[in-house]
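The values are calculated or read from the model by the stated rules, or taken from the named source; none is laboratory data. On a predicted model such as this, the values are computed, not experimentally measured, just so you know. Positions of Cβ are generated from backbone atoms using ideal geometry, with glycine treated the same way; all protein chains shown enter the neighbour counts.
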Amino acid sequence: MDVPDLESPIFIPYSYHPLPQVEDYDDSIIPTSSNKPSRRALRLVLFGITTVTLLGLVSLFYHGGGGPQGELEFFDPAKETPVDRWTVSRGTAEGVSEKSNGPILGATPVYPWTNVMLVWQRTAFHFQPQENWMNDPNGPMYYKGWYHLFYQYNPESALWGNITWGHAVSRDLVHWFYLPLAMVPDQWYDANGVWTGSATLMPDGRIAMVYTGSTTQSVQVQNLAFPADPDDPLLIRWNKSESNPVIFPPPWVGPTDFRDPTTAWYVPTESAWRLAIGAKDSEHNGIALLYQTKDFITYELLPGFLHAVNGTGMWECVDFYPVSTGSALGLDTSTGPGPRVKYVLKASLDEKKQDYYAIGTYDGEEGTWTPDEPEMDVGIGLRYDYGKFYASKTFYDPVKERRVLWGWTAETDSEWADLLKGWASLQTIPRTVLYDDETKSNLIQWPVDEVESLRSSKQEFSNIKLSTGSVVPLDVTQATQVDIEAEFEIDLSALEQSVEADVGYNCSTSGGAAGRGALGPFGLLVLADQDLKEQTAVYFYLRRGTDGGLSTFFCQDEMRSSLANDIVKRVYGSSVPVLDGESLTVRILVDHSVIESFAQGGRACVTSRVYPTRAVYGGARAFLFNNATDASMTAKSLKIWQMDSAFLHPYSIGPD
Ligand code: DQQ
């Protein structure tokens with residue numbers, strides 16, 4: 001097999017460089033940054049103008065909406081027949097959950113999206129396929145110099161269905177090469193879809209890929225696949241085992257309630273591997289079943305469960321891995337229980353479409369896992385991300401000795417809009433996952449360091465006073481592709497004087513960024529237009545309890561993120577631990593239609609999909625705000641980096 005020339009420059013029709021701002025603010029209250037954009041950034045901007053102009057034309061060709069090539073045309077919803085499209089099956093009929101939004105209630109008429117708006121929604125440094133539908137990350141791993149990402153993919157449409165395994169490789173988790181489909185539904189045992197699975201790397205270098213197949217009869221079975229050529233670092237061709245299916249659902253589990261095997265871990269005392277599979281029982285309890293195997297072909301279902309939680313429904317995409325309590329390094333999945341090792345169990349709750357985790361102890365002899373805090377068990381306690389984030393999976397990266405988390409962030413617009421733009425869904429930026437040795441109660445997630453290689457020009461601001469009820473525009477070159485780090489300090493005297501108890505506060509139900517309290521909300525408005533008709537607020541809110549104690553909430557408000565109405569908009573968030581002496585910090589990655597935010601170093605995360613109509617291209621701005629009634633705040637430090645685009649492109653395979 002010919003290995004492609006990975007160094008040669010290739011035109012990338014699917015990513016964008018930042019655009020310059022159309023006009024500058026001349027408002028005297030705008031704080032100025034201490035750094036000027038670098039010459040490199042200016043060169044990038046010039047390149048960006050040219051690239052985006054070209055891309056607009058390219059995209060008009062691809063997504064032309066029936067208009068003459070090269071001409072910007074408004075879609076006329078009246079001329080479309082969305083009802084036909086909404087009747088397309090999105091999963092439930094095929095034994096898996098609903099995957100995207102059909103008609104969005106109250107959205108009549110549908111918003112007249114233009115090509116220009118839809119083109120802008122494509123991201124610049126998040127992983128997404130060239131076109132069509134993607135959902136769960138599958139089988140992530142590092143192999144012979146390459147990071148591999150497989151993903152649930154529909155090669156034929158921007159809607160869920162016909163599920164195959166897409167495949168891409170990267171040297172650095174930032175820039176990606178699209179490879180041919182790794183597995184397609186071509187056997188009776190996966191004819192209805194090659195569903196989610198995980199990779200296990202054995203010490204001798206072999207790889208076992210165990211995945212769920214939905215059979216011709218929509219029964220969920222587990223299958224084994226392995227690389228056709230283990231010497232190929234790109235692992236392009238895959239063979240399915242002749243022994244498939246290797247695991248059938250146990251008799252007491254429904255045929256469509258049994259899926260998504262984890263990475264296996266080695267148990268030396270048994271000379272065997274173990275893996276977990278998600279299920280639910282007839283009483284609506286979520287379950288992780290534990291299997292043992294010596295050869296990945298014959299499996300024994302171990303007695304009892306790895307874990308189960310009453311009333312949590314079907315557990316999809318279970319993940320199970322060790323974390324170190326004594327160091328900032330990740331652990332291999334086969335590390336095994338020990339004095340400085342805790343275990344994370346994660347389940348994707350099918351009914352809520354949310355990923356819940358808990359930290360606990362694994363008893364290898366009993367084959368059971370127990371949460372540290374029963375009231376924070378899987379499905380009722382902590383979530384990886386309080387926004388649009390689902391079906392996630394981790395892998396251990398032996399090169400950087402870290403555990404890396406991938407998560408699927410779906411669209412929150414209508415299926416009709418997805419069909420118009422020709423694609424749906426992103427993977428979030430890969431995140432390192434660590435046990436939080438400070439709080440001892442949660443994980444810490446942080447974008448992998450490599451993402452910082454995309455940072456270009458930086459603007460820095462410091463000590464910006466935010467009086468009560470203020471909105472302060474930031475003189476940012478443009479704010480569509482940015483990485484922001486901010487640190488806030490609350491006026492101490494206001495903090496001490498405030499006595500108002502606010503026990504009922506909750507991000508989702510308390511009026512969002514417009515709901516004023518004594519000590520919040522305050523933070524940033526991103527992807528905002530000049531008149532603030534569109535804005536997504538990323539903010540903190542301090543709540544005082546009846547005992548006088550303070551708790552801090554971290555929220556993201558999408559309610560004003562777009563003038564379009566055919567979008568699901570929510571206020572997301574949760575409480576976040578803040579230790580004595582800590583200031584309030586947030587990092588925000590803004591990439592066109594996605595905003596990923598990390599509070600307090602990654603103790604709480606929120607991902608939003610947003611679809612502005614005015615805050616696009618050069619019209620996208622950023623602001624600071626303080627909507628508290630009793631306390632002024634200071635943005636002690638604010639750093640905003642423009643982000644370059646990642647390279648995501650296919651390569652051609654030479655003859656064998
Ligand atoms: N997606 C796959 C299933 C999994 C679900 C099907 C989670 O294996 O349970 O596309 O989104």
(Q) Which condition from (1) surrounded by 20 or more Cβ atoms within 10 Å (Cβ to Cβ); (2) part of a helix (DSSP H, G or I) is the one that Phe488 breaks? (A) (2)
**Q.** the stretch 128-151: number of residues that are more than 15 Å from Asp418 (Cβ to Cβ), within 16 Å of the ligand (Cβ to nearest atom) and of a type outside the set (A, V, I, L, M, F, W, C)
**A.** 6
(Q) Given the criteria touching a strand residue (DSSP E or B) at 6+ places or on another chain (Cβ under 7 Å), part of a loop (DSSP other than H, G, I, E, B) and away from the ligand (no atom under 14 Å from the Cβ), does Leu181 qualify? (A) no
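Look at Val344 and say whether it is away from the ligand (no atom under 16 Å from the Cβ), touching a residue at least 40 places away in the same chain (Cβ under 8 Å) and under 27 Å from Thr439 (Cβ atoms). Talk me through it step by step, then tell me what you get.
Working: away from the ligand (no atom under 16 Å from the Cβ): yes; touching a residue at least 40 places away in the same chain (Cβ under 8 Å): yes; under 27 Å from Thr439 (Cβ atoms): yes.
Spelling it out, Val344 is indeed away from the ligand (no atom under 16 Å from the Cβ), touching a residue at least 40 places away in the same chain (Cβ under 8 Å) and under 27 Å from Thr439 (Cβ atoms).
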Q: Any chance you could count how many residues in the stretch 447-490 are under 27 Å from Leu579 (Cα atoms), acidic (Asp, Glu) and over 21 Å from the mean Cα position of the chain (by Cα)?
A: 3
(Q) Can you tell me which residue is farthest from the chain's Cα centre (by Cα) among those in the stretch 521-552 that are of a type in the set (D, E, K, R) and not in a loop (DSSP other than H, G, I, E, B)? (A) Arg544
Q. Counting only residues that are within 24 Å of Asp350 (Cβ to Cβ), outside any loop (DSSP other than H, G, I, E, B) and more than 16 Å from the ligand (Cβ to nearest atom), how many does the stretch 230-281 have?
A. 1
Q.
Just to verify a result, which residue in the stretch 448-471, among those that are more than 30 Å from Asp397 (Cβ to Cβ) and in contact with a Pro (Cβ under 7 Å, 6 or more places away or on another chain), is surrounded by the most Cβ atoms within 10 Å (Cβ to Cβ)?
A. Phe461
Q | Pair list, Cβ under 7 Å, 6 or more apart: the stretch 267-284 residue at positive phi, other residue assigned to a loop (DSSP other than H, G, I, E, B) | A | Ser271/Lys294; His284/Gly311; His284/Gly313
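Looking at the stretch 200-215 only, could you name the residues that are more than 15 Å from the ligand (Cβ to nearest atom) and among the aliphatic types (A, V, I, L, M)?
Narrowing the stretch 200-215 to residues more than 15 Å from the ligand (Cβ to nearest atom): 200-208.
Of everything in the stretch 200-215, those that are more than 15 Å from the ligand (Cβ to nearest atom) and among the aliphatic types (A, V, I, L, M) turn out to be Leu201, Met202, Ile207, Ala208.
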Q) Considering only the stretch 180-235, how many residues are in contact (Cβ under 8 Å) with a residue 12 or more places away in the chain, surrounded by fewer than 24 Cβ atoms within 10 Å (Cβ to Cβ) and of a type in the set (Asp, Glu)? A) 2
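For the stretch 620-643, which positions are over 11 Å from Val476 (Cα atoms) and either touching an Asp or Glu at 6+ places or on another chain (Cβ under 6 Å) or assigned to a strand (DSSP E or B) (or both)? Before you say what the answer is, go through the steps one by one.
Just the residues of the stretch 620-643 that are over 11 Å from Val476 (Cα atoms), to begin with: 624-638, 643.
Of everything in the stretch 620-643, those that are over 11 Å from Val476 (Cα atoms) and either touching an Asp or Glu at 6+ places or on another chain (Cβ under 6 Å) or assigned to a strand (DSSP E or B) (or both) turn out to be Leu624, Phe625, Asn626, Ala631, Ser632, Met633, Thr634, Ala635, Lys636, Ser637, Leu638, Met643.
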Q | Residue pairs meeting the criteria (Cβ under 7 Å; at least 6 apart or on separate chains; first closer than 20 Å to Gln152 by Cα, in the stretch 381-392; second away from the ligand (no atom under 15 Å from the Cβ)) | A | Lys388/Thr412; Lys388/Thr607; Lys388/Ser608; Lys388/Arg609; Phe389/Thr607; Ser392/Leu405
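Hey, can you tell me all the residues within the stretch 282-322 that are within 16 Å of the ligand (Cβ to nearest atom) and either modelled with pLDDT under 95 or assigned to a loop (DSSP other than H, G, I, E, B) (or both)?
At the first step, the residues of the stretch 282-322 found to be within 16 Å of the ligand (Cβ to nearest atom) are 286-289, 312-320.
Thr312, Gly313, Met314, listed by residue number.
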